[in-house]
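Structure, as structure tokens:
The values are calculated or read from the model by the stated rules, or taken from the named source; none is laboratory data. Computed from a predicted model, the values in this text were never measured in an experiment. FYI the Cβ positions are ideal-geometry reconstructions off the backbone, even for glycines, and counts take in every protein chain you see.
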Amino acid sequence: MSRSVWKGPFVEESLIKKVDLQKKDTNRKPIKTWSRKSTIIPDFVGCSFLIYNGKKFIPLTISEDMVGHKLGEFAPTRTFAGHTPADKKAAKEGSSDVKKDDKK
């Protein structure tokens, strides 16, 4: 279920303050944040963030297409290492059985 419209988007207060300071400052150091649940608002466009994914900080520069999404959507927490070799072997054997049946 999405958030109620009359409440507006959720953005961490400290994050808004840091974005305002970054826009005034000439040194554009990325904002380090753990707030994956914060919604990206138009004020964030052009700012750079380091978003924590549970293990390390993922660098992210906000573009106009990202407005309305959550920060956590752009820092995946799980890494897919691929299927195990046993699964590939079983799939290969299964497909070769079908080919043998077709030849008979």
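When region 46-63 is limited to residues that are within 17 Å of GLU12 (Cα to Cα) and of a type in the set (Phe, Trp, Tyr), the one that is surrounded by the most Cβ atoms within 10 Å (Cβ to Cβ) turns out to be PHE49.
Taking residues in region 1-26 that are over 12 Å from SER38 (Cβ atoms), and partners anywhere that are among the aliphatic types (A, V, I, L, M), the pairs with Cβ atoms closer than 8 Å and at least 6 places apart or on different chains are GLN22/ILE31.
Out of everything in region 1-23 that is among the small types (Gly, Ala, Ser) and over 20 Å from ILE51 (Cβ atoms), what residue ends up being surrounded by the most Cβ atoms within 10 Å (Cβ to Cβ)? Reasoning before the result, please.
Taking region 1-23 and keeping what is among the small types (Gly, Ala, Ser), we get 2, 4, 8, 14.
Filter again for over 20 Å from ILE51 (Cβ atoms), leaving 2, 4, 8.
Values: SER2: 4, SER4: 7, GLY8: 10.
Selected residue: GLY8.
Only residues that are in contact with a strand residue (DSSP E or B) (Cβ under 9 Å, 6 or more places away or on another chain) and over 13 Å from LEU15 (Cβ atoms) were counted in region 31-45, giving 0. Report yes if some residue within region 75-86 is within 28 Å of SER2 (Cβ to Cβ), modelled with pLDDT of 95 or more and among the aromatic types (Phe, Trp, Tyr); otherwise report no. No - not one qualifying residue is present in region 75-86.
When LYS29, LYS24 are checked against the criterion of being among the charged types (D, E, K, R), at pLDDT below 95 and farther than 19 Å from PHE57 by Cα, LYS24 stands alone in meeting it.
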